[in-house]
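Each value in this text was obtained by applying a stated rule to the coordinates, not by laboratory testing. On a predicted model such as this, the values are computed, not experimentally measured, just so you know. Cβ sites come from the backbone with ideal geometry, for glycine too, and all protein chains shown count toward neighbours.
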């Protein structure tokens, strides 16, 4: 199976609140970048998918659980994995770790949408295959 490399992030001033703790909005940016790399590793480029087939992957739900604080200058490793795959949807789990210890867990539900028709569409085969090759239980 094609896998994207884990994404490395260094916490910057702009990522933190007044106390130097990572702000939740920074996590959304990091997870988005890691998902883009994961999708690219599976042959999906968002601009090409939209331009060539009129499809987009829209986020329909987000869950984020903060296990321990990430602070200014911490170096995080972001991992992405498939949790479930449906006909037109995929759920990805993403985790940020510091020195191998989880600090932020997340789940992102995405649905494939045909923007021309304004309705759900079948996922590209490469994403369906990625889920079949990488089942996650629990």
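Treating each Cα of region 31-78 as an identical point scatterer and summing with the Debye formula, the log10 of I(q)/I(0) at q = 0.24, 0.29, 0.31 Å⁻¹ comes to -0.99, -1.17, -1.23. Spin-label model, residue 51/residue 12: points 7 Å from Cα along the beta carbon direction are separated by 2.6 nm. Across region 7-133, the mean sequence separation of Cα contacts (distance under 8 Å, 6 or more residues apart), normalised by length, yields a relative contact order of 27 percent. The ranking of 16, 80, 128 from fewest to most other beta carbons within 10 Å of each one's beta carbon is 128, 16, 80.
When the chain is treated as a Gaussian network with alpha carbon springs shorter than 10 Å, the biggest mean-square fluctuation among 81, 119, 35 belongs to 119.
Computed over every Cα-Cα pair of region 1-49 and binned at 5 Å starting from 0, the pair-distance distribution P(r) comes out as 5, 20, 23, 17, 13, 11, 7, 3, 0 percent. Packing around the peptides 90-98, 102-110, 54-62, taken as the average count of other Cβ atoms within 10 Å per residue, puts them in this order, highest first: 90-98, 102-110, 54-62. Using only Cα coordinates, the Kirkwood hydrodynamic radius of the chain works out to 15.7 Å.
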